[in-house]
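Worksheet: one structure, shown below.
The values are calculated or read from the model by the stated rules, or taken from the named source; none is laboratory data. No experiment lies behind these values; they were computed from the predicted model shown. A quick note on method: Cβ atoms are made from the backbone with ideal geometry, for glycine too, and the neighbour counts reach across all protein chains shown.
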Amino acid sequence: MRNHLRSLLLLPLFPLSLAFVLAAPPQLHAKVIGMNVVAPSLTVERIQKLAPKKDRAAWLAYLKRSEEQMKVDRATLAAELKPGEGAPPQPAEGRGGFGAGMSLRHDDAYWATAPARHIADVIVSFQTPAGGWSKNMGFSGALRLPGQPYAANNLNVVNKQPNDFDTPRDPQWNYVSTLDNDATNTELHFLAKVQALTPGKDGDAYRASFIKGIHYLLTAQFPNGGFPQVYPLEGGYHDAITFNDNAVSESAETLGDAAEGNGEYSFVPADLRKQAAAAVDRALQCILVSQTVIDGNKTIWPQQEDALTLAPVSARNYEPGALAASESADLLDYLMTIQNPSKELVASIDAGIAWLKSHAIYGFEYTGGRGDPAGRTLKPKEGAGPIWSRYYSIPAQKPIFGDRDETLHDDVNDLSLERRNGYAWYSNGEQKTIDDYAAWAKTNSAK
């Protein structure tokens, strides 16, 4: 089985052009094919070197706004405390949009209830001066206290490595405003639903918070239409254009709702609708130009890419700069919702679906778990599949896997037990996207 598996997952050598993503040190163990490299931050120096001359001023202005907003956010929080007064503790970490009081899956009557309005009040209280929200927040508890941090801990303290890619510049200021884990966009949709059933002055605070949040998305958007994971910028991979957790497509959807101004979004002012519509167009163009081309053929998208070069970059120690099947399926789902698609958009969708079809894995299952001493492993199984690897290498387009020690592997079974059990290395949700495409293609595909 191991020889068969190796042939399935064999990864050829990487080109020198990707040296900033993967660097293969000498005398590695045979099962290690390379080392992950930390993603660069957005800096003045990189903008001067890498941004097209015509766009340089816009990028420099963006970076300056980010730095100034960070100062405002910090100063505003500090000013809430009296001299010598200690800050209240950080809020408890919850799961925000994943069930800790902020679900959007309720019947219409719910949005007029006292519990819904209480959650909306708590959401408003935790909105940052920039206009966004942190991640992993539970909003069913108390309102934010004066001087209380806007964010929960959000530090992954499990199996931390020296020089961990996810180590924040300031542990007390981490993911303060972010699009990660559905943050900010979920809060905005929740507020829109509550305000629609809270007319008059009772709903004004929700509407004002929503408008502020839309301005946050407009300000956070890069000049080329992408969105970072964290804004104001925090450095490292957080500064990359982030398709992970649908940061780009969810933000485009929220801005699209504001631009259309239908239903619960009808209160959005006309001038802001125009700004939102323009931002949606820029986001779409960013998605289209970000589709990775290999040997002249469109493939799919990376999990995150450098904001200036659009090259795939790493995220956490075990997340390489590579093609990402699940994120790409989500992007394709979004692209297929766009009405009257252009020829360029149709070609992008056709190519992405074709790639997913051609890289489906059959005859294997990823099985086991924490109760199994061997942990999760990829094993042959007749009739199994299709499944897709989370990452595919560039340019080989073969499955690739990372571990916490920054090592990269071509066999998931070579990873540490902790990473095999603690990460979704294979998935099958891509099949639903392929199935949905079949109906979409009847009226839209060029093929």
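What the table below lists for this structure:
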read-out: Pairs, first within 15 Å of G213 (Cα to Cα) and aromatic (F, W, Y) in segment 259-286, second modelled with pLDDT of 95 or more and outside any helix (DSSP H, G or I), C-beta under 9 Å, six or more apart; value: F267/G261
read-out: Condition met for A130 (crowded, with 21+ Cβ neighbours inside 10 Å, more than 17 Å from the chain's Cα centre (by Cα), under 22 Å from Q304 (Cβ atoms) and in the same structural domain as D73 (by TED's automatic domain parsing)); value: yes
read-out: Among the candidates L284, L310, L272, residue that is in a helix (DSSP H, G or I), within 30 Å of R56 (Cβ to Cβ), within 21 Å of the chain's Cα centre (by Cα) and of a type in the set (A, V, I, L, M); value: L284
read-out: Sole residue being modelled with pLDDT under 95, outside any helix (DSSP H, G or I) and either out of contact with any Leu (no Cβ under 6 Å at 6 or more places or on another chain) or surrounded by 23 or more Cβ atoms within 10 Å (Cβ to Cβ) (or both), chosen from N163, N181; value: N163
read-out: Residues of segment 409-429 classified as part of a helix (DSSP H, G or I), among the polar types (S, T, N, Q) and closer than 15 Å to K31 by Cα, total; value: 1
read-out: So D333, is it touching a Ser or Thr at 6+ places or on another chain (Cβ under 9 Å) and surrounded by fewer than 21 Cβ atoms within 10 Å (Cβ to Cβ); value: yes
read-out: The listed residue being at pLDDT below 95 and either more than 29 Å from G296 (Cβ to Cβ) or not basic (K, R) (or both), out of N428, N421; value: N421
read-out: Test: residue in segment 298-306 that is β-branched (V, I, T), assigned to a strand (DSSP E or B), surrounded by fewer than 24 Cβ atoms within 10 Å (Cβ to Cβ) and touching a residue at least 12 places away in the same chain (Cβ under 8 Å); value: no
